[in-house]
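The values are calculated or read from the model by the stated rules, or taken from the named source; none is laboratory data. In this text, all values refer to a predicted model and were calculated from it rather than measured experimentally. Don't worry about glycine lacking a Cβ; one is built from the backbone with ideal geometry, like all the others, and counts go over all protein chains shown.
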Amino acid sequence: MKSLRVCIFTETYYPVVGGGETQAQLLAEGLTANGHSVIIITRRSDKSLDKREKYGSITVHRLPPAGSGQLKKWGLLLSGFPRLVSLRDQYDLIFVSGFRIIGVSAVLVSKLFHKACILKADSQGEMSGDFFTSGLQKLGASPKWLPFRLFLGVRNLILKKADAFTAISSDIAVELAANGVKTNDIHIVPNSVDINRFVPVSIEQKTLLRDRLGIPQTATVVIYTGRLVSYKGLPLLLRVWQEICDKHPNARLYFVGTGGLDIHNCEAELKTYVEENGLAPYVHFTGSVQNVPEYLQASDIFAFPTENDAFPSSLIEAMACALPVITTPVGAIKTVVINGENGVFVQPGDFQQLYQAIDRLLSDKALASLFGLAALKTVRANYSADTVTGKYISLFHDILA
């Protein structure tokens with residue numbers, strides 16, 4: 001088949017850590033591994049990052065406005081347009097990962113210069129506008145605010161001119177259709193995980209990892225990886241952990257990640273709670289790390305009590321490391337996890353259910369091991385990066401044809 005030339009347009013990209021960033025990186029690397037050409041256009045979210053950088057054969061173009069700040073992401077709507085134009089000879093298809101803000105620029109450029117354009121929703125509510133609710137509330141505005149409704153209406157008229165949409169879950173596919181996207185233009189493609197990087201390890205390897213990471217050998221480790229944001233249920237997890245410690249004094253909770261640029265950042269709140277409640281010996285924050293697989297491989301249970309998620313990458317990464325998972329039946333999670341088979345479901349925000357689930361797996365290591373092996377089998381069968389990249393390659397060829 002003809003070699004593809006793809007531009008991935010996304011708000012943030014590696015080395016920024018997050019689910020959407022991970023999925024964009026996996027797709028870029030998968031495409032180049034199959035002989036296709038990829039460029040990345042993104043925002044320079046950290047001023048220490050180079051404006052132009054190469055990772056292997058992938059060139060990353062980082063645009064202004066540079067630095068942190070919630071409102072700066074909107075600047076990419078403007079700076080992205082001229083860069084898409086200036087680089088138009090390097091790609092035939094624009095793939096937008098997280099179209100909520102920047103999709104408009106991509107669609108307009110695609111129509112002006114006869115390029116294909118595919119929009120991917122990384123989160124629930126990107127098409128309906130529900131995604132913006134929290135940001136509007138912080139500004140003292142309502143989703144019913146007339147200027148926002150006008151913006152959303154015009155934006156959606158433009159977005160629906162895209163050649164195709166990809167949805168990472170059936171829920172998002174339903175949302176797209178409910179907001180006027182033709183069902184024939186919607187393609188469900190799940191998130192994926194690099195099963196060559198996220199793998200289970202032997203007991204001997206786990207022991208060596210714990211020594212290297214400073215994790216006590218006698219501890220039973222419950223881990224969370226991802227952004228430290230409130231809607232992941234992390235404040236609840238800490239409150240539950242305070243009681244878990246009374247019954248399981250050898251248990252340790254690890255938070256791997258930071259709050260980042262997310263509007264729901266609760267990192268400071270979590271650390272204050274730990275300090276004020278004497279939990280420092282039992283709770284550890286690693287900050288931003290590049291060796292996430294090692295922390296998962298050195299752990300025993302993955303806790304992910306999220307209240308709102310489309311398709312969390314961190315969940316399938318943990319399952320690929322053969323960890324039993326405790327999570328909630330929201331978004332695509334309910335199609336990945338089978339309660340009582342490869343993990344445990346708790347209802348979002350339910351203190352008692354979360355406590356009982358953690359207590360159960362801490363108390364029954366044999367059951368936890370069985371769930372972990374089933375989780376590994378699930379991911380390898382359905383969510384490997386090679387499998388998902390193949391689906392995107394087929395879709396890209398079909399659209400360009």
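Counted as qualifying within segment 155-236 are the strands (runs of 3 or more DSSP E) with 1 or more residues that are among the aliphatic types (A, V, I, L, M), within 23 Å of the chain's Cα centre (by Cα) and not assigned by TED's automatic domain parsing to the domain that holds Asp309, namely 164-167, 186-188.
Residues of segment 237-258 that are assigned to a strand (DSSP E or B) and under 13 Å from Asp359 (Cβ atoms): Ala251 alone.
Residues that are under 17 Å from Glu307 (Cβ atoms), part of a loop (DSSP other than H, G, I, E, B) and hydroxyl-bearing (Ser, Thr, Tyr) within segment 121-143 comprise just one, Ser123.
To keep it simple, each residue is scored yes or no on (1) small (Gly, Ala, Ser); (2) out of contact with any helix residue (DSSP H, G or I) (no Cβ under 9 Å at 6 or more places or on another chain); (3) under 17 Å from Gly226 (Cβ atoms); (4) surrounded by fewer than 21 Cβ atoms within 10 Å (Cβ to Cβ).
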position	(1), (2), (3), (4)
Gly257	yes, no, yes, no
Thr272	no, yes, no, yes
Glu276	no, yes, no, yes
Val289	no, no, yes, yes
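Could you tell me whether segment 100-108 includes any residue that is outside any helix (DSSP H, G or I), in the same structural domain as Ser128 (by TED's automatic domain parsing) and without any contact (Cβ under 8 Å) to a residue 60 or more places away in the chain? Within segment 100-108 (the criterion being outside any helix (DSSP H, G or I), in the same structural domain as Ser128 (by TED's automatic domain parsing) and without any contact (Cβ under 8 Å) to a residue 60 or more places away in the chain), the answer is yes, since at least one residue qualifies. Would you call Val199 free of Cβ contacts under 8 Å to residues at least 12 places away in the same chain, of a type outside the set (D, E, K, R) and out of contact with any strand residue (DSSP E or B) (no Cβ under 8 Å at 6 or more places or on another chain)? In short, no. Checking the structure you have, find out if any residue of segment 238-252 is under 30 Å from Lys73 (Cα atoms) and at pLDDT below 95. For segment 238-252, residues under 30 Å from Lys73 (Cα atoms) and at pLDDT below 95: absent. Only residues that are acidic (Asp, Glu) and touching a Leu at 6+ places or on another chain (Cβ under 8 Å) were counted in segment 9-58, giving 1.
Identify all residues within segment 1-11 that are buried (at least 24 other Cβ atoms within 10 Å of the Cβ) and not hydrophobic (A, V, I, L, M, F, W, C); write none if there are none. Across segment 1-11, the qualifying residues are Thr10, Glu11. Do we find a residue being buried (at least 16 other Cβ atoms within 10 Å of the Cβ), within 29 Å of Ser384 (Cα to Cα) and at pLDDT 95 or above anywhere in segment 61-74? Scanning segment 61-74, I find at least one residue that is buried (at least 16 other Cβ atoms within 10 Å of the Cβ), within 29 Å of Ser384 (Cα to Cα) and at pLDDT 95 or above, so the answer is yes.
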